[in-house]
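So the structure is just underneath, and the comments pick up after that.
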Amino acid sequence: MFISEDALKRNFAEVKAGLRPKQAFEEAHRCLYCYDAPCIKACPTGINIPSFIKRISNKNMLGAARTILEANPMGASCARVCPTEELCEGACVLNDSSKPILIGDLQRFATDWAIRNNQQLFASGERNGRTVAVVGGGPAGLSAARELARFGFTVTVFEAKSQAGGLNTYGIVSFRLPQEIALWEVEQVRRLGVDIRTNVVVGRDVTADELLGTYDTVVLAVGMSKVPTLGIAGEELDGVYDAIELVESTKVSLSGELSGRRVVVIGAGNTAIDAATCSVRMGAEHVEICYRRSKQEMTAYEFEYEFAKSDGVAFRWLTAPVRIIGDEQGRVKAIECVRMKLEPADSGRRARPVTIPGSEFTIEADAVIKAIGQTRHVPLVEQFQLAHTRGIVTIDNETYQTSNPKVYAAGDVIFGEGQGDAMVVSAVQQGKLAAFAIYKQLVLDDPDGGSQT
Amino acid sequence: MADLRINLAGIKSPNPFWLASAPPTNTGYQVQRAFESGWGGAVWKTLGDPIINTSSRFAAVHFNGHRVAGFNNIELITDRPLDVNLKEIYETKKLFPDRALVASLMVEPKREKWHEIVKKVEAVGVDGLELNFGCPHGMAERGMGSASGQQPDLVERQTYWVKEAARTPVIVKLTPNITDITATAIAAARGCADAISLINTINSLAGVDLDSWNTIPHVAGKGSHGGYCGPAVKPIALNMVAECARNAKVSIPISGIGGISDWKDAVEFLLMGATGVQVCTAVMHHGFRIVEEMIDGLTNYLDSKGIERVSDLVGRAVPRYTDWGNLDLNYAVTARINTETCINCNKCYIACEDTAHQCIERAQDEESGASYLKVREEDCVGCNLCAIVCPVEGAIDMVEQPAAGVPMSWNERQAAIAKLSMKGA
Ligand SMILES: Cc1cc2nc3c(=O)[nH]c(=O)nc-3n(C[C@H](O)[C@H](O)[C@H](O)COP(=O)(O)OP(=O)(O)OC[C@H]3O[C@@H](n4cnc5c(N)ncnc54)[C@H](O)[C@@H]3O)c2cc1C
Ligand SMILES: Cc1cc2nc3c(=O)[nH]c(=O)nc-3n(C[C@H](O)[C@H](O)[C@H](O)COP(=O)(O)O)c2cc1C
Ligand code: SF4
């Protein structure tokens, strides 16, 4: 089976079209401009939504874009990837009486305008003489860097990959978030004078101690790492993929690697869905998701689930992998699974899946994609000698300061159990709050802070 | 960033957006909140001998699902004692020295009454006075408000009395309930007013309830006419401002009022000769915070046009406003339908066919069989109706045609005919 380059391109082009001007203005006029609006409270970055929508209806596109990006430096990406049903749109007062305002789409309309018109929306602050190293150029790091630059800090971002943007650039599928959107946001930060050094792996190319010795403060925003191993036989076989690496490969260059293949995805979070829909778009013949719990426990959003179903992805609930079976060439040829049942767990925890003995069966497959969460950057966290729980850096919940007062942390690197979902928008907000706490510590609360040194 | 400061006849404010004298400026608490939101100035709710207001006062006209296309009220001037208002004006001015705080006044048309109130309000430190000759209901029945504002001689005389006592600039607020607005504007100028503001509300009845047959609003089963304002009155107000601005006998600064809902409306008033604007209904609909949208939109507009000061906009469109007799009768536009953009709703077709000049044709593409609309340009008179009813931006353009002859207005034509017939005689 062969998939043409054109077909690949088409498959990976942004699925959703932006609102057309008339649609956008009609929708903007529908907004009630609520006072103390619930949508603002539901947005983790607190975008003044009624205000930006009013500005759209007033044909003040610059003002609308600035309102959004002021509160959320990744406002263009968030317009595409935020689970708006759970956030702003879920809080819209029109949910009960009509249908909620399409806040995400309007946000995209305004930020697309800013991108198209190549607007420079913010300026860096007057230099305050302090320096900050930001480790990791994802949403959290970039957001912190932008705010720090606006506060007048000299900011250097260290990024391991060849481009900044983190998962926005490499991890979220192109058909939901085209790379150029994430890169435009990176460029906006760079234009504030932030020095973004790519291809630098902190901990290897430059050590924690070097950064701590050179900069007044460090922001750790390295996100999470690879998908963990399944801990079953056959994981080393050719045809076993890490979901995040698979998505990343499609962000760098498109290939028909999976065309005609039968793909099994393990896990049922949003990453699993992305890996599954990605596989479909790479030309896979059949894609199914195996999850050891049932649909109720699935962590993917409802709209993600619907999206996968509409892409023809099949779901097998209460199914856990036992081993991956290879052929003589060391290639995946099948996966052996076992059926599960759920047992009530201790209060507050999710139901516990237990195997049903003797229920093993095999699914023929050419590829197995692991999507069971992400591991942590434990060695790096330890090199910084920060307090942590299994790699989740411990912070002060208000200031984002770690156990080392010179180090702050934001984004997925502090994301842990019981904290909702790992989302771009929360990473952005944490970056902003960490930046403000640094400004407070180094400038506002410092008797001679802010003076040129 | 553009400079938004204005100076209206000596009254300065950091931006051109003032609250009009109305419920939003009832109390010190409200005006202070407004100033915190960014309003550049406020005209205090009209002071005078306290009155009693009715309960059930406002009504609105909603248009096709949009709330408050127009707003109607039967409220009178302040119902709070003068000394309470004066104390709050004093406190507010002290807290916000950089904002324009203007007192609106209305008393019986007697010289001593005007002198007395002018002295009292100036003593608490207002930046200017606005004489309310416009309130169309209640007060008018007592010889005040629009009752005096409809008579040029009364406007002139009372303005003059105020000017005798006043040390701060005096703005005369005009009623639109008059045939020729320039008559009272000129009277105000003759009475030595420093500026005029317009418009106050227009006589109106918002509606009648189809079941109870009561007026809307009604007070215990009876209603009386109210004053109309809000988006619906903007064109009326804009014309009146423009008429005053282009009249050489008025020649004093103008504070524009009437239906201003966003920065775009404000720019139109400035272009038509207003130095600043006042807003009431939009604030009653959305709260003080609406000014943030106004300031931001105006700033971005000026910056995008490379205009440094908002004051540079004032009056720039006035020379383009003239009498009908001066319009070029040889200028022509015709409608052109862009088939690509057109959504084939046929609204333009039926509008032209039934109510204009029958020059839009329903055609069919020979190859595809798709129907499309086409203007017979030679029959199009350029009335704009099709473009007005078209729901899609860019689907119908009114295209300028090469001039059919040298420019010639009705006045020029009449003059030429007169000359010819003189020669012939
Ligand atoms: C497949 C997938 C789909 C997702 N979909 C959504 C979605 O639809 N909506 C949503 O809101 N969220 C989504 N998320 C979650 C979201 O992407 C993350 O929460 C967000 O990117 C976290 O931002 P961050 O800056 O903390 O980390 P990251 O985006 O992971 O950025 C960390 C950066 O640090 C760099 N880095 C790591 N180690 C080093 C080092 N040693 N030296 C230098 N640099 C280093 C990395 O290269 C990376 O650029 C998704 C995540 C995944 C994996
Ligand atoms: C409820 C209400 C009360 C008003 N009271 C006064 C008043 O006391 N004095 C006055 O000069 N104008 C008064 N006005 C008129 C406004 O100041 C203003 O001229 C008018 O509403 C037009 O502006 P707008 O379209 O922005 O509302 C009142 C208007 C309303 C709606
Ligand atoms: S707004 Fe409503 S609650 Fe407030 S005074 Fe008027 S009628 Fe009463």
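The values are calculated or read from the model by the stated rules, or taken from the named source; none is laboratory data. Please read these numbers as outputs of a predicted model, since none were measured by experiment. So basically every Cβ, Gly included, is an ideal-geometry build from the backbone, and we count neighbours across all protein chains shown. Please note that ligands, DNA and RNA were not included when accessible areas were found on the heavy atoms of the full protein model with its side chains. Shrake-Rupley method; radii C 1.70, N 1.55, O 1.52, S 1.80 Å.
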Residues other than A:T229 with Cβ under 10 Å of its Cβ, Lys/Arg counted +1 and Asp/Glu -1, net out at -1
Rg/Rh over Cα atoms for the range A:240-370, Kirkwood Rh, comes to 0.99
If amide H atoms are modeled at 1.01 Å from N in the peptide plane, then the residues at a separation of 5 or more from A:R323, or on another chain, having amide H under 5 Å from its own are A:E336
Listed residues B:V102, B:V250, B:V381; largest mean-square fluctuation, Gaussian network over chain B with Cα springs below 10 Å, found at B:V381
Ordered by number, the residues of the range B:293-331 that have at least 20 Å² less accessible area in the complete protein assembly than on their own chain alone (1.4 Å probe) are B:E293, B:D296, B:N300
Taking alpha-carbon centroids only, the range B:19-87 lies from the range B:220-256 a number of Å equal to 17 Å
Shape descriptor, the range B:1-130: equivalent ellipsoid semi-axes (Cα gyration tensor, sqrt 5λ, whole Å, largest first) stand at 24, 23, 13
As a percent rounded to 5, the proportion of antiparallel DSSP bridges among beta bridges in the range A:240-370 is 50 percent
The Cα extents of the range B:244-346 along the principal axes, largest first and rounded to whole Å, are 43, 39, 30
Rounded to the nearest Å, the spacing of the alpha-carbon centers of the range B:364-408 and the range A:36-92 is 39 Å
Output field shielding_mean for A:61-69 (other chain Cβ, 10 Å radius) holds 3
Probe 1.4 Å, heavy atoms of protein chains only: per residue, the accessible area of the range B:6-320 in Å² is 40 Å²
Largest fluctuation, B:D209, B:D83, B:D397 only, Gaussian network model of chain B with Cα springs under 10 angstrom, belongs to B:D397
In the protein assembly as shown the DSSP beta bridges are antiparallel at a rate, in percent to nearest 5, of 45 percent
Here P(r) for chain A, Cα-Cα distances in 10 Å bins, as whole percents, is 4, 19, 28, 26, 16, 5, 1, 0
At the level of C-alpha centres, the distance separating the range A:316-348 and the range A:165-223, in angstrom, is 36 Å
Computed for B with A: buried accessible area summed over both chains, 1.4 Å probe, rounded to 100 Å², at 1400 Å²
Probe 1.4 Å, heavy atoms of protein chains only: per residue, the accessible area of chain A in Å² is 43 Å²
Taking GluC sites (Glu not before Pro) in a DSSP loop with at most 11 other Cβ atoms within 10 angstrom as exposed, one finds the longest site-free stretch of chain A at A:1-125
Of every hundred units of 1.4 Å-probe accessible area on chain B, the number belonging to carbon and sulfur atoms, as a percent, is 53 percent
Flagged as over-length at 19 Å C-alpha distance, from B:K249/B:K419; A:K22/A:K59; A:K406/A:K440; A:K161/A:K370; B:K45/B:K87; A:K9/A:K370, the pairs are B:K249/B:K419; A:K161/A:K370; A:K9/A:K370
Short to long, in 5 Å steps from zero, the percent of alpha-carbon pairs of the range A:18-116 per bin is 3, 15, 29, 29, 19, 5, 1, 0
Between the Cα axis of helix A:179-190 and the main Cα principal axis of chain A, the angle (0 to 90°, nearest 10) is 30 degrees
Percent of all alpha-carbon pairs of the protein assembly as shown at distances over 40 Å, whole number, is 54 percent
The range B:6-320: Kirkwood hydrodynamic radius (Cα pairs, Å) comes out at 19.3 Å
